[in-house]
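The values are calculated or read from the model by the stated rules, or taken from the named source; none is laboratory data. On a predicted model such as this, the values are computed, not experimentally measured, just so you know. Ideal geometry is used to build each Cβ from the backbone, glycine not excepted, and the neighbour counts take in all protein chains shown. These area figures cover heavy atoms from the full protein model, side chains too; ligands, DNA and RNA do not enter into them. Shrake-Rupley method; radii C 1.70, N 1.55, O 1.52, S 1.80 Å.
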Amino acid sequence: MSLPASVRIVEVGPRDGLQNEAAIIPAADKIELINRLSATGLRTIEATSFVSPRWVPQLADAAEVLAGIERRPGVAYPVLVPNLQGYERARAAGADRVSVFTAASEAFNQRNINASIDQSLARFEPVMAAAKADDVPVRGYVSTVLGCPYQGDVPLADVTRVAVALHRMGCEEISLGDTIGVGTPAKARAMLHAVAAEVPMEALAIHFHDTWGQALANILACLEEGVAVIDSAVAGTGGCPYARGASGNVASEDVVYMLHGLGIDTGVDLDALAATGRWLASRLGRETGSRVGRALAPQ
Ligand code: HMG
Ligand code: MG
């Protein structure tokens, strides 16, 4: 199967990356991170999350961050919202794109958002209605698509059911998340194939964590299957505080390097992205989690 000519990277570092840091990063650093990312050619940067600050204190400054960034024309800055309260906070802070999130596994969803899958979908109905009235595009995330830290295997039918529900509800894009990074390429491809039988491939994105070192291989398998939107986090930060064992997202630098090597256009300046990743790592007091970021570091 032929590969796509171009891929859109959805940079989730400022949200998925920073939500799992033990240390609280100052809002000024988050703002600088997003501004630096905006200058690399990325077109979508998930800026922050309007979840309960009691559940995720790392992102309690969501409104301050969103108000502080320089919005570059042509760059979208979506934010995560778990419910109508989050949507209203996000809108008051100036968000013009939001993402809702649920999971294919009941056990994970209970721990992550204190709701069953069906309860979470019901919570999204008023969010979708408000977003439609406000002309705000909504992305939907499905977590645990290749395995759950509490339930183990997740049936493909459960993944497809949730993806279809989000799509029918009006989510313009559905991101399929291997939250704990346990998937392997043939499973990733089969999962995407199953979902794409029910939801158009143009409306699908993939979201791999690299806990088991499989993320790039999984992405390649999914590219061959036809996906053209990939979530990743600069410096390989990330993880879900409510998913036991979940570690970093696949590093954006590593994904961009692979895509460019395959002749796929991303519009991203890899050197600028890698420099941003090393800058972030220095703010976090450690080395970048991106192999490419390390390889490109000045000697
Ligand atoms: P709950 O405790 O069941 O909520 O939490 P509640 O509705 O009963 O409300 C309890 C309190 O929270 C109330 O305050 C509400 O006002 C407040 P009180 O009256 O006690 O003072 N509250 C809020 N405050 C601010 N913003 C809000 C909000 N909603 C309620 N939006 C809730 C339910 C969903 C709020 C909670 O479980 C939550 O915030 N969970 C978020 C967990 C999270 O952020 N996880 C990480 C993101 S998901 C992820 O990383 C996966 C992904 O990357 C894809 C992948 O990798 O698979 C997307
Ligand atoms: Mg994630």
message: When you check residue 247 against the structure, is it under 21 Å from residue 154 (Cα atoms) and in contact with a Lys or Arg (Cβ under 7 Å, 6 or more places away or on another chain), yes or no?
response: no
- request: Out of 192, 176, report the one residue that is within 13 Å of ligand 2 (Cβ to nearest atom), without any contact (Cβ under 8 Å) to a residue 60 or more places away in the chain and crowded, with 23+ Cβ neighbours inside 10 Å.
  value: 176
Identity of the residue in segment 71-91, over 24 Å from residue 11 (Cβ atoms) and not in a loop (DSSP other than H, G, I, E, B), that ends up most open to solvent (accessible area, probe 1.4 Å): 85
message: Out of everything in segment 230-261 that is touching a residue at least 12 places away in the same chain (Cβ under 8 Å) and either of a type in the set (Lys, Arg) or open to solvent by 40 Å² or more (accessible area, probe 1.4 Å) (or both), what residue ends up being farthest from ligand 1 (Cβ to nearest atom)?
response: 257
- line: Those residues of segment 169-196 which are among the β-branched types (Val, Ile, Thr), more than 13 Å from residue 227 (Cβ to Cβ) and either more than 13 Å from ligand 1 (Cβ to nearest atom) or part of a helix (DSSP H, G or I) (or both) amount to 184
message: For segment 133-157, which positions are of a type in the set (D, E, K, R) and either buried (at least 20 other Cβ atoms within 10 Å of the Cβ) or within 13 Å of ligand 1 (Cβ to nearest atom) (or both)?
response: 139
- request: Kindly list the number of the only condition in (1) within 14 Å of residue 144 (Cβ to Cβ); (2) without any contact (Cβ under 8 Å) to a residue 40 or more places away in the chain; (3) buried (at least 23 other Cβ atoms within 10 Å of the Cβ) that fails for residue 182.
  value: (3)
message: Quick check on segment 111-132. Is at least one of its residues β-branched (Val, Ile, Thr) and at positive phi?
response: no
- prompt: If we keep just the residues of segment 262-299 that are open to solvent by 70 Å² or more (accessible area, probe 1.4 Å) and assigned to a helix (DSSP H, G or I), which is nearest to residue 222 (Cα to Cα)?
  reply: 291
- prompt: In segment 77-104, how many residues are within 16 Å of residue 174 (Cα to Cα) and either among the polar types (S, T, N, Q) or in contact with a helix residue (DSSP H, G or I) (Cβ under 8 Å, 6 or more places away or on another chain) (or both)?
  reply: 11
- line: If you go through 111, 54, 15, 43, the only one that is closer than 30 Å to residue 264 by Cβ, surrounded by fewer than 19 Cβ atoms within 10 Å (Cβ to Cβ) and among the charged types (D, E, K, R) is 43
